[in-house]
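S.K.: One structure, pasted below without further comment.
The values are calculated or read from the model by the stated rules, or taken from the named source; none is laboratory data. Please read these numbers as outputs of a predicted model, since none were measured by experiment. Glycine also receives a Cβ, built like all others from the backbone with ideal geometry; neighbour counts cover every protein chain displayed. Note: accessible area is taken over every heavy atom of the protein model, side chains too, but ligands, DNA and RNA are not part of it. Shrake-Rupley method; radii C 1.70, N 1.55, O 1.52, S 1.80 Å.
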Amino acid sequence: MISRSPDSVTPYAMALVSADSRIAELLTELHQLIKQTQEERSRSEHNLVNIQKTHERMQTENKISPYYRTKLRGLYTTAKADAEAECNILRKALDKIAEIKSLLEERRIAAKIAGLYNDSEPPRKTMRRGVLMTLLQQSAMTLPLWIGKPGDKPPPLCGAIPASGDYVAKPGDKVAARVKAVDGDEQWILAEVVSYSHATNKYEVDDIDEEGKERHTLSRRRIIPLPQWKANPETDPEALFQKEQLVLALYPQTTCFYRALIHTPPQRPQDDYSVLFEDTSYADGYSPPLNVAQRYVVACKEPKKK
């Protein structure tokens, strides 16, 4: 590792301390919100029991009297207000989690720049491929699910929705990057943004694969930002790629994206895409169905092969 002078390390070390302090505060606030959620749930339990008992009495008497109708209207109004109060607390908790994740990422980048690492964040050169694959899988599993309010539309970078035209990926963001391979062919790789120059409109990105250890300078058209939220098939199916749509998908246990057709979109929030990769070794030109997480499926702008 290249040694650095104390003066160059100090600003990044201070940033790490500041991030650690803020993360500790946010974890305390998150803990309080979780307690509030449980308290709210316990408080509303009595009302839900009353609703159930009222329905049971109505079934026993086999009639819906004006009394029961008025009573149920009041009980359901209270239940709706209780649910909205709990929902608001949960949204605040989700915001805290998102902020914590953002700070952890900023901390990782600051440590990388400063050349500082701890036991849980080893320098890139020591990371084994198996560890990298596990980290990529964890990143896909922990990608937050977009949960909008009633009437909200999914934002850019939710599921299949592309980034806006003026979007600039931040340092640390993961992207699909089109680079030239050793043999001269071009391929799409999983990469991490290092920086973006507004003067040249070019990105500097690192190959995520430890065996590559390469940095590339690429134009915007050679970069596709990865989704930042999973789309919920049950509430926002339009934010997902549809059957037979052409995409670029990360081939399982690799760090390269290849052309594929959507075989089956996710049916539940936790489901992956089922895709058919283009593969000339099969009679129909496509591989058997393989699962790929929403995190690693992006639009393919190239035409479909005939």
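S.K.: Restrict the check to the stretch 203-216 and report whether at least one residue is of a type in the set (Val, Ile, Thr) and part of a strand (DSSP E or B).
M.R.: Yes, the stretch 203-216 contains at least one residue that is of a type in the set (Val, Ile, Thr) and part of a strand (DSSP E or B).
S.K.: List pairs: first in the stretch 223-252 and in a strand (DSSP E or B), second among the charged types (D, E, K, R) and surrounded by fewer than 21 Cβ atoms within 10 Å (Cβ to Cβ), Cβ under 6 Å, 6+ apart or cross-chain?
M.R.: Listed by first residue and then by second, the contacts come to LEU246/LYS304.
S.K.: Any residue at all in the stretch 35-42 that is open to solvent by less than 50 Å² (accessible area, probe 1.4 Å), without any contact (Cβ under 8 Å) to a residue 24 or more places away in the chain and over 21 Å from the mean Cα position of the chain (by Cα)?
M.R.: no
S.K.: Let me ask something additional. Need the failing condition index for VAL193 against (1) surrounded by 20 or more Cβ atoms within 10 Å (Cβ to Cβ); (2) modelled with pLDDT of 95 or more; (3) within 24 Å of VAL292 (Cα to Cα), just the number.
M.R.: Every condition holds for VAL193 apart from (2).
Let's see how each residue does on (1) open to solvent by 30 Å² or more (accessible area, probe 1.4 Å); (2) touching a Lys or Arg at 6+ places or on another chain (Cβ under 6 Å); (3) assigned to a helix (DSSP H, G or I):
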position	(1), (2), (3)
MET133	no, no, yes
GLN138	yes, no, yes
PRO150	yes, no, no
PRO156	yes, no, no
ILE161	yes, no, no
ASP166	yes, no, no
LYS170	yes, no, no
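S.K.: Could you list all residues from the stretch 265-276 that are surrounded by fewer than 20 Cβ atoms within 10 Å (Cβ to Cβ) and in contact with a Lys or Arg (Cβ under 7 Å, 6 or more places away or on another chain)?
M.R.: PRO269, the sole residue that qualifies.
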